[in-house]
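Visitor: Please see the structure below; I have some questions.
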Amino acid sequence: MHELTPRQIVAELDKHIVGQDDAKRAVAIALRNRWRWQQLPDELRKEITPKNIVMIGPTGVGKTEITRRLAQLIDAPFIKVEATKYTEVGYYGRDVESMIRDLVDSAKNLVREKKRVELVDKAKARVEERLLDLLIPRPEWESSFRESTEEVKEEDSQERYERTRDKFRTMLLQGALEEKEVEISVEQKNSPVQVFSNMGMDQMDVDLQGMFERIMPQQSKHRKMMVKEARKVLLEQEVEGLMDKDAIAEEAVDLAERHGIVFIDEIDKICTSEEGGNRSGDVSRQGVQRDLLPIVEGTTVQTRSGSVKTDYMLFIAAGAFHRTKPSDLMPELQGRFPIRVELQELTREDFLRILTEPSSSITMQYQALLKTEGVDVKFEQDGLEALADIAFQVNQTTQNIGARRLHTILERLLEEVSYEAPDLKTKKIVIDAAYVQQKLHTIVEDEDLSKFIL
């Protein structure tokens, strides 16, 4: 994230997502502002908070995909949550603070991976010594009860042992002992202890699960396996043993506070519309908004890793807003999302670009899948244009589900080929306009049928 300029971020997103330039620019600027914020002196940094973003647009136009690809670009804690799975405090379900706990867990995973890279060389050296101990166990000498002549013999035996150990070390490094069997001790994971309460585990600040795991004795069992398999198990044990869990927790909290990004999807589903008479769920929706407000505004959340401040986290919200509008959110919550970006519906040209431009386009995915069966699928230009026409037409005449319509159409188009692929005599399939019309013409013409099939 530190090295990418806004233009570079947009260029990376362009490899996977067609159009929606305004949304790409908004998230690119927000990410770069995170880096700029880090360069400021501490006194000024305290006065500047992130400018949160709300993306507005119909389903299937790229809202979630932009953030998903964004998460792959940045080396920062990132979590995607659905606003609909949260409930007001006091009701059964997950409270909104659990998203921050999940973010800290994401940060811990990042820190652990970073520490793992730093410790892996040291751990490998330890694994080598442990494997040698398993292959040629050290003899037990009790020198305190031996006479001097026996001590001399003991020294000779120890020298012989070290020479043998060096020979085995050379063989181990050369890979000559990979198939040899050794017996190692593997720790058994205790069955999780279920703790039931009237408020749910997400609202309990005490790590009862971890507490029970510490109280209950660790169980281990002996397993026999080859050296090449034992090396992987021992490496994980050594890396885990070298990690400082307290230091990891502290670093994870700091990382989440400074660089954490929370993507809240389906935020329109917790809006309360003034239109219509059905207000049965409005109380609960307003309650979730009230609980979400202090999280976005800046508060302190208790987690298993310590207290976490949300003041400088970046929040990106998204919603289709079909039956509601952003102004239906609480005014206080609206003010916490000052940047609003509207994503446009996909046109026929957009569908055609989606089929061809992305680095892992949907057509390439189907070609790669069928290639495993030896079937060579070729998409002609007129075939791609016919698919784009059908996708756009069906979206206009039935429910508009955006780019997801292409998955439905292509699955229907290639259903017979996918089924017959292992037994096909002709291993080359050409998808042109005539092929598309032959397979999909009846369904597209029958509007009632297309509602159920496409």
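The values are calculated or read from the model by the stated rules, or taken from the named source; none is laboratory data. Since we're looking at a predicted model, the values are computed, not measured. Virtual Cβ from ideal backbone geometry, glycine too; neighbours counted across all protein chains shown. Accessible surface is based on the protein model in full, side chains and every heavy atom, while ligands, DNA and RNA are left aside. Shrake-Rupley method; radii C 1.70, N 1.55, O 1.52, S 1.80 Å.
Visitor: Given C-alpha coordinates of segment 346-440, what is the ratio Rg to Rh with the Kirkwood estimate of Rh?
Guide: Result: Rg/Rh = 0.96.
Visitor: What GluC sites (Glu not before Pro) in segment 8-113 are in a loop by DSSP, with at most 11 other Cβ atoms within 10 Å of the Cβ?
Guide: GLU47
Visitor: Could you order peptides 360-366, 348-354 by the average number of other Cβ atoms within 10 Å of their residues, highest first?
Guide: Highest-to-lowest ranking by the protection proxy: 348-354, 360-366.
Visitor: For LYS124, which lysines qualify as cross-link partners when the Cα separation must be under 18 Å and same-chain residues fewer than eight apart are set aside?
Guide: Excluding near neighbours in sequence, the set is LYS114, LYS115, LYS228, LYS232.
Visitor: Sorted by accessible area with a 1.4 angstrom probe, largest first, how do ARG223, ARG112, ARG25 fall?
Guide: ARG25, ARG223, ARG112
Visitor: Can you sort HIS407, HIS16 by solvent-accessible area, 1.4 Å probe, largest first?
Guide: HIS407, HIS16
Visitor: Using a/c under 1.5 as the rounded threshold, could you call segment 1-108 rounded, prolate or oblate? The axes a ≥ b ≥ c are square roots of the C-alpha gyration tensor eigenvalues, and prolate needs a/b larger than b/c, oblate otherwise.
Guide: oblate
Visitor: Just to make sure I understand: if all protein chains stay in place, what is the order of ASP265, ASP423 by accessible area at 1.4 Å, largest first?
Guide: ASP423, ASP265
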